[in-house]
Amino acid sequence: MIQPLSIVIPVFNEAPSLRQLHAEIAEVLAQHDYTAEIIFVDDGSRDESWTVIRELAAQDRRVRAVRFRRNFGKAAALSAGFAMARNARVLTMDADLQDDPREMPNFLAKVEEGFDVVSGWKKIRHDPWHKVLPSRVFNWMVSSMTGVRLHDHNCGMKCYRREVLGEVILYGELHRFVPVLAAARGFTVGELVIHHRPRRFGKSKYGFSRFVKGFLDLLTVRFLTGFGQRPQHVLGTVGLISFGLGALILTYLAALWTCSRTLPGWTPITLHDRPLVIYATGLLLLGGQLMSMGFLAELFLAYHVRPERTYSVAERIDAQPPA
Ligand code: UDP
Ligand code: MG
């Protein structure tokens with residue numbers, strides 16, 4: 001049985017596309033007789049987007065919408081949409097008509113196959129080369145650093161089982177990493193080749209800076225998914241190695257100095273002209289700093305950790321009536 005669907009669409013200055021987008025979605029829904037709601041999240045648009053959305057909502061009872069007071073970014077817009085979504089399957093797509101609503105049935109079928117997250121892959125992409133090329137590099141880096149191998153992590157068209165969205169917390173610009181964050185909690189992630197179209201109206205909201213930010217976010221996500229529950233394991237390991245190495249070198253130098261001054265036949269040496277002393281002291285300080293940072297992180301975690309966030313339940317058996 002096909003589950004009812006919530007379609008979540010983040011909108012930032014996309015007024016000229018919205019009517020056609022709604023019409024295309026409505027056509028697919030009618031063709032396949034889907035039960036669905038269409039959720040527009042106006043992320044502080046400064047054009048006519050909200051007026052158009054209100055118009056669409058007046059014509060079509062399946063349209064629900066929320067308008068942000070200012071632009072908060074795509075991740076925030078998606079979060080708001082997810083919080084509103086009431087159906088078992090949630091599909092996101094961009095508002096600029098680049099994603100083709102006719103792909104919706106394929107996403108739903110793939111989720112029915114058993115995947116918790118299905119991410120689109122714009123295999124033939126209709127964007128300028130200066131977007132496509134850095135994006136290839138970005139996808140390769142994310143795939144190899146996180147182990148979640150997708151060709152197109154940043155694709156706007158994705159479909160989820162609703163359980164996923166209750167567990168993955170989106171903020172900042174982490175919308176690019178939903179599959180990675182979901183996989184880190186044990187959800188299965190699949191990929192679907194989709195038809196991509198060139199942008200007809202308006203312009204892209206992202207420039208080159210997205211790749212710098214994307215890289216920093218990748219480091220954050222890698223740290224959060226790998227060591228978020230045990231920061232001292234990474235900071236402390238590097239700290240210990242650095243501290244140990246520094247201590248070893250200083251001990252060696254101290255022994256050398258002592259021997260040179262006590263043992264017969266040795267010429268007394270001085271240490272102030274040995275650069276090694278500075279390197280060793282540097283290592284010692286760095287090691288101490290990294291470890292104390294690790295302890296601070298652990299302290300923060302110990303008092304703020306939400307136990308239910310430290311695991312993800314797939315199924316329960318519980319025949320006992322509640323006490
Ligand atoms: N978007 C948004 N808030 C923002 C930036 C973008 O809601 O701050 C929406 C935008 O309206 C579109 C989707 O996110 O529906 C993808 O944006 P865009 O098409 O500019 O990205 P690109 O296709 O160039 O990657
Ligand atoms: Mg676009």
Do you know which residues across the stretch 291-320 are closer than 22 Å to LEU165 by Cβ and either modelled with pLDDT of 95 or more or of a type in the set (S, T, N, Q) (or both)?
THR310, SER312
Residue hits (the stretch 195-210; part of a loop (DSSP other than H, G, I, E, B) and either farther than 21 Å from LEU21 by Cβ or within 13 Å of ligand 2 (Cβ to nearest atom) (or both)) are ARG197, PRO198, ARG199, ARG200, PHE201, GLY202, LYS203, SER204, LYS205, TYR206, GLY207, PHE208
Hits in the stretch 231-288 (condition: touching a residue at least 12 places away in the same chain (Cβ under 8 Å) and charged (D, E, K, R)):
ARG274
Can you tell which of ALA280, ALA314, ALA247 is over 30 Å from PHE138 (Cβ atoms) and not in a helix (DSSP H, G or I)?
ALA314
Any hit, the stretch 58-69, residues being closer than 25 Å to THR188 by Cβ, buried (at least 20 other Cβ atoms within 10 Å of the Cβ) and more than 16 Å from ligand 2 (Cβ to nearest atom):
no
Quick check: is even one residue across the stretch 2-23 more than 18 Å from CYS155 (Cβ to Cβ), modelled with pLDDT under 95 and either touching a Ser or Thr at 6+ places or on another chain (Cβ under 8 Å) or outside any strand (DSSP E or B) (or both)?
yes
So if I check each of VAL52, VAL28, VAL63, which one is within 26 Å of TRP121 (Cα to Cα) and over 26 Å from the mean Cα position of the chain (by Cα)?
VAL28
Subset of the stretch 72-114 [within 16 Å of ligand 2 (Cβ to nearest atom) and not aliphatic (A, V, I, L, M)]
GLY73, LYS74, THR92, ASP94, ASP96, GLN98, ASP99, ASP100, PRO101, GLU103
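One line per residue, one yes/no per condition, for (1) of a type in the set (A, V, I, L, M); (2) surrounded by 13 or more Cβ atoms within 10 Å (Cβ to Cβ); (3) in contact (Cβ under 8 Å) with a residue 12 or more places away in the chain:
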{"residue": "MET291", "(1), (2), (3)": "yes, yes, yes"}
{"residue": "GLU308", "(1), (2), (3)": "no, no, no"}
{"residue": "SER312", "(1), (2), (3)": "no, yes, yes"}
{"residue": "ILE317", "(1), (2), (3)": "yes, no, no"}
{"residue": "GLN320", "(1), (2), (3)": "no, no, no"}
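The values are calculated or read from the model by the stated rules, or taken from the named source; none is laboratory data. What you see is a predicted model; the values in this text were computed from it and never measured. For neighbour counting, all protein chains shown are included, and Cβ atoms are generated from backbone atoms with ideal geometry for every residue, glycine included.
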